[in-house]
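Trainee: Got a structure for you, questions after.
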Protein chains: 4
Amino acid sequence: MKGRLTHTVEIPVRFNEVDALGIVWHGHYLQYAEEAREALAVMHQINYLHIHENGYMVPIVKMEVDHKSPLTYGDTMIIEAVYLDSPAAKMIFECSIYNKATKALVATVKSIQVFTDLKGNLQLTYPDFFQQWREETDWE
Amino acid sequence: MKGRLTHTVEIPVRFNEVDALGIVWHGHYLQYAEEAREALAVMHQINYLHIHENGYMVPIVKMEVDHKSPLTYGDTMIIEAVYLDSPAAKMIFECSIYNKATKALVATVKSIQVFTDLKGNLQLTYPDFFQQWREETDWE
Amino acid sequence: MKGRLTHTVEIPVRFNEVDALGIVWHGHYLQYAEEAREALAVMHQINYLHIHENGYMVPIVKMEVDHKSPLTYGDTMIIEAVYLDSPAAKMIFECSIYNKATKALVATVKSIQVFTDLKGNLQLTYPDFFQQWREETDWE
Amino acid sequence: MKGRLTHTVEIPVRFNEVDALGIVWHGHYLQYAEEAREALAVMHQINYLHIHENGYMVPIVKMEVDHKSPLTYGDTMIIEAVYLDSPAAKMIFECSIYNKATKALVATVKSIQVFTDLKGNLQLTYPDFFQQWREETDWE
């Protein structure tokens, strides 16, 4: 493992994201995490669009969400996204979501993506452009 | 463990659920699984509303999704939901999502919910109404 | 005006589409209507993908929704979509949404789309492929 | 008409809100507008929750959206929400959505809500608590 990359985003809870009890619906956390992953990825040029332009896709194969405390309307969350380099041909992200005001941990979202070509064929090794990116990246 | 309960639902993919590449966005699987869980729960009177009327909530604390193959616009999925009785005070569901036409396994969604009172206090043992339900249920 | 085309689809309300009061959130009606429009469009080969392959896009410029009665969890809706041919270079749809069980009118959704090229330039006349489609279509 | 109330909110476009062509899906504008309406309503204590606590609901009966220019990922919108007092028992909002960077008008969203009691019965005149609010409000 070469190292990690980190990035932090801030997202306000929207009115339509809370349910009848005033709590954010659990399904929304996947889009919050995707927002944080994509922001990190754009900074390092490994976002969906860039990967697609190189002839590959990175579908999610595994997702784990742990919920620790709720968010309500009016809250703002801070998401710390971490990209973890993997020896195998995978993209691994771990996002920690915090309540901005209370600093409480709200949830963690771990995801694993694999590489396929544009026809959906699984790539067992990193595509060349991505391997080159790994070599040139200034890892933390 | 007393046993399990099962129920199957059928859900057509909607046009707005597929992304630019024609594939269902990964986040939608959480609502598909919720649909299947709720349908099973309504049949056995352990749905959100019924639980709330008894003075409790069942927030999701853990969620695991494994993606095996994609769904596209025009596909219909079959979801087999399984409720697994737990000795601890938890609700555990495992949903298997299949492509109706090809029978291919599309994804599995495992979820764990805990019991809280309406103020959000965690219940370490099953609430009485739910314990009674466990005793009276005709488990598979 | 050359005439109209019609198509009917059936959509069950999903659990996550109802709000705290058990009523479908008003914003979901736009995706219901899109589902019906797209189903009609696929049948007549004027769906988004087909139009895009011909080098054009059809962004929505106007949308009107009238809500007549609510839908709740467990309801199924019937949507009658009507495509109205326009002398001007526009796509006009009118969707009527009914409660399948009660036959009550739930909502109407009217939409207007224009043609642009792939760079977003507005087309003041019908693109050739679409004009040909209009001539060859068996209008009701 | 007694006057108007205004409020402005700022909302960043989220990654999952853009479609294959990089454009915000038209249906999302309804939640953007709701966010702006609710923010204004909370400031003036006429939000959904406050109205419900007084024994009434305010379902949307009419919605009109005009799209002028697109939003893409990375854009932030500014929404100017206007509440227009009505002589009839209705809540009328007009929201103008602008691109924060370019100042371009993106869309306008007009909505009409009526008052019902908690059983859904239409109110032909303003409820007392709301009439009192109208009298006491410092209209622009």
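Trainee: Of the conditions (1) of a type outside the set (Val, Ile, Thr); (2) part of a helix (DSSP H, G or I); (3) surrounded by fewer than 21 Cβ atoms within 10 Å (Cβ to Cβ), C:Leu40 satisfies every one except a single condition; which number is it?
Mentor: Of (1) of a type outside the set (Val, Ile, Thr); (2) part of a helix (DSSP H, G or I); (3) surrounded by fewer than 21 Cβ atoms within 10 Å (Cβ to Cβ), only one is false for C:Leu40: (3).
Trainee: Regarding the range A:28-35, can at least one residue be identified that is assigned to a loop (DSSP other than H, G, I, E, B), open to solvent by less than 60 Å² (accessible area, probe 1.4 Å) and away from chain C (no Cβ under 14 Å)?
Mentor: Looking through the range A:28-35, none of the residues is assigned to a loop (DSSP other than H, G, I, E, B), open to solvent by less than 60 Å² (accessible area, probe 1.4 Å) and away from chain C (no Cβ under 14 Å).
Trainee: Can you work out which of the residues in the range B:18-27 that are in contact with a Pro (Cβ under 9 Å, 6 or more places away or on another chain) and not in a loop (DSSP other than H, G, I, E, B) is modelled with the highest pLDDT?
Mentor: Step by step, filter the range B:18-27, then rank; the result is B:Val24.
Trainee: Now for a separate question. Which residues, counting only those in the range D:42-69, are more than 9 Å from chain C (Cβ to nearest Cβ), of a type outside the set (S, T, N, Q) and farther than 24 Å from C:Lys68 by Cβ?
Mentor: Once the filter is applied, which keeps residues that are more than 9 Å from chain C (Cβ to nearest Cβ), of a type outside the set (S, T, N, Q) and farther than 24 Å from C:Lys68 by Cβ, the range D:42-69 yields D:Val42, D:Met43, D:His44, D:Ile46, D:Leu49, D:His50, D:Glu53.
Trainee: Taking the range A:1-15, which residues are buried (at least 18 other Cβ atoms within 10 Å of the Cβ) and within 14 Å of chain C (Cβ to nearest Cβ)?
Mentor: A:Phe15
The values are calculated or read from the model by the stated rules, or taken from the named source; none is laboratory data. Nothing here was measured: the structure is a model prediction, and the numbers come from that model. As a convention, Cβ positions derive from the backbone with ideal geometry for all residues, glycine included, and neighbour counts pool all protein chains shown. Protein only, heavy atoms only, side chains kept; ligands, DNA and RNA dropped before computing areas. Shrake-Rupley method; radii C 1.70, N 1.55, O 1.52, S 1.80 Å.
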